[in-house]
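One structure is given below, encoded as structure tokens.
The values are calculated or read from the model by the stated rules, or taken from the named source; none is laboratory data. Small disclaimer: the values here were computed from a predicted structure and weren't measured. Virtual Cβ from ideal backbone geometry, glycine too; neighbours counted across all protein chains shown. Remember, those area values only see protein heavy atoms, side chains included, never the ligands or the DNA or RNA. Shrake-Rupley method; radii C 1.70, N 1.55, O 1.52, S 1.80 Å.
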There are 2 protein chains.
Amino acid sequence: MTTELPGLKKLIRHLQKVPYLASKNIYRVANYFLMAKDNEIEELCSVILQAKKNIKSCEQCFNWTENSNLCEICNSNRRDKSIICVVQTWHDLLAIEKTNSYNGLYHILGGALSPLEGIGPEDLNIEQLLKRLRESENLNTVKEIIFATNPTPEGEATASFVCSRIEESKLEVKISKLASGVPIGSVLEFMDRVTIHKAMSERRPF
Amino acid sequence: MTTELPGLKKLIRHLQKVPYLASKNIYRVANYFLMAKDNEIEELCSVILQAKKNIKSCEQCFNWTENSNLCEICNSNRRDKSIICVVQTWHDLLAIEKTNSYNGLYHILGGALSPLEGIGPEDLNIEQLLKRLRESENLNTVKEIIFATNPTPEGEATASFVCSRIEESKLEVKISKLASGVPIGSVLEFMDRVTIHKAMSERRPF
């Protein structure tokens, strides 16, 4: 027995749908909701619903945007519009933005190809990227595409697939991808074989 | 820069108040809320608000209860009403219930004494426990109190404090606490010194 209360069971069942909430913590979060002041939780709910109403996908890159069809990055005059960095998710975009090392535009695919999970090319924003490149070709704007998909089998396969689609479309654009190798601050001893092999075969002049 | 969208910032700020949601995952949960279908999120919010409206604390033991002043454990005829197990939180109650090794009643303190966090005796359900014991004395019901607070400094101090209050009140009741020692399935080599010391000093005939 955990609990027989129907309302509490329903709350737990709904919280289970929220991803990244460790199953061990669902009861704690349910307890927090029940203990908290009514107005705090009402406010949380209204903020969530308000956000869903006002925040949309950017028409160009699929980043989140509020009160505008284009996101703050696509809209900005200070960004280099000749480079597009292709990422899987919004979190990946945030991770790159945090480094302050990139000043171009983005394109969020919305995931990676995964036949096991039933995610095919039509589920990702691939055609939208090709359309974006075709349109930019007339204006001669986009010069380079940087693939920043995750270095996992799914991420690599997705990058290869999108790359081949770009080549098929005969679009004149330089294609690059993030360097892979030993991460800074890591210990060589604990690194996996594939990473060390990659770092070795892609070694650079010192 | 992470994001400059006011609604999204507000959503993140509110999600940060929810405990046990790892800070790394807040952006992922926000993304999930924005990606999900409107009706799913509306239902989640309505389930949370409904639960807050219908679920109350048990008047006797502070477990959660729905449509009744007493919880299902206090109300049950199959529970042994002569033992009360004192726990810090609802999750602790659930953890004990899952083992099916205890058939008595509970008393949830609502936390542990913690001067650093400003949690004093008046913030816990201690007086309510004493009142409960005093009332039961007339009926001669409660024979034993088991302390099942966490074996942390705060949990131990809370148990000692409550125990001394029971003794001051001259209530005739047996007081016991959970055994401490080496957990089953663990490796002695990786156990901390205090646990091994406890297990050694409280060793039992084989």
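Here are some notes:
- Highest-MSF residue in chain A out of A:Q16, A:Q88, A:Q50 [GNM, Cα springs under 10 Å]: A:Q16
- Taking the range B:70-177 and dividing mean pair separation by its residue count, relative contact order in percent (alpha carbons under 8 Å, at least six apart): 29 percent
- Between 0 and 90°, nearest 10: helix A:126-139 axis offset from chain A longest Cα axis: 40 degrees
- Coil-residue trypsin sites (Lys or Arg not before Pro) of the range B:104-206, DSSP, other Cβ within 10 Å capped at 14: B:K170, B:R203
- Contact surface B-A: accessible area buried, both sides summed, square angstrom, 1.4 angstrom probe: 5200 Å²
- Cα-based helix-to-principal-axis angle, B:90-99 vs chain B, degrees rounded to 10: 70 degrees
- Under the simplified labelling scheme, the A:K37-A:V182 pair shows an inter-label distance of 5.4 nm, with each label point 7 Å from Cα along Cα→Cβ.
- Sequence-distant aspartates and glutamates (8 or more away, or on other chains) whose Cα lies within less than 19 Å of B:K17: A:D38, A:E40, A:E42, A:E43, B:E117
- Entries of A:K131/B:K37; B:K52/B:K81; B:K143/B:K177; A:K9/B:K177 with Cα pairs more than 21 Å apart: A:K131/B:K37; B:K52/B:K81; A:K9/B:K177
- Chain A holds its axis-closest Cβ, relative to the rotation onto B, at the residue and whole-Å distance A:C45, 2.
- When you filter the chymotrypsin sites (Phe, Trp or Tyr not before Pro) in the range A:1-76 for DSSP loop state and at most 15 other Cβ atoms inside 10 Å of their Cβ, you are left with A:Y20.
- Global dimensions of the range B:70-177 from alpha-carbon coordinates: Rg and Dmax equal 13.4, 41 Å.
- Calculation over all alpha carbon pairs of chain B in 10 angstrom steps from 0 returns a P(r) of 7, 24, 27, 23, 14, 5, 0 percent.
- Computed magnitude of the charge dipole of the protein assembly as shown (debye, nearest 20; Cβ of K, R +1, Cβ of D, E -1): 220 debye
- Between identical copies, the spacing of A:N138 label points, each set 7 Å from Cα toward the C-beta atom, reads 8.9 nm from nearest to farthest.
- For trypsin sites (Lys or Arg not before Pro), the sites in the range A:27-77 that DSSP calls loop and that have at most 10 other Cβ atoms within 10 Å are A:K37.
- Among A:P121, A:P183, A:P151, residue whose mean-square fluctuation peaks in a GNM of chain A (springs only between Cα atoms under 10 Å): A:P183
- Rg/Rh for the range A:1-115, where both radii come from Cα atoms and Rh is the Kirkwood radius: 1.11
- B:E122 paired with A:K143, simple spin-label distance in nm, labels 7 Å along Cα-to-beta-carbon: 7.0 nm
- For the range B:156-170, putting each phi into the Karplus relation 6.51 cos²θ - 1.76 cosθ + 1.60 with θ = phi - 60° gives couplings of 5, 5, 5, 4, 4, 4, 5, 4, 5, 5, 5, 5, 4, 6, 6 Hz, in residue order, rounded to whole numbers and with x for Gly and Pro.
- Relative contact order [Cα under 8 Å, 6+ residues apart], chain A, whole percent: 13 percent
- Note on the protein assembly as shown: semi-axes of the ellipsoid equivalent to its C-alpha gyration tensor, largest first and rounded to whole Å, are 55, 27, 18.
- Taking amide hydrogens as placed 1.01 Å from N in the peptide plane, the amide H of A:I146 sits under 5 Å from those of A:I84, A:C85, A:V86, A:S176, each at least 5 positions away in sequence or on another chain.
- For A:A95, the point set 7 Å out from Cα toward Cβ sits 3.3 nm from its twins in the other copies, listed from shortest up.
- Degrees between helix A:38-54 axis and first principal axis of chain A (Cα, 0 to 90, nearest 10): 30 degrees
- Split the accessible area of the protein assembly as shown by element, probe 1.4 Å, and carbon with sulfur accounts for 53%.
- Teacher prompt: B:K10 distances to equivalent labels in other copies, 7 Å Cα→Cβ, nm: 2.8
- Among B:L94, B:L44, B:L11: highest mean-square fluctuation, GNM of chain B, C-alpha pairs under 10 Å: B:L11
- Across the alpha-carbon atoms of the range A:6-56, the computed radius of gyration and Dmax are 12.3, 35 angstrom.
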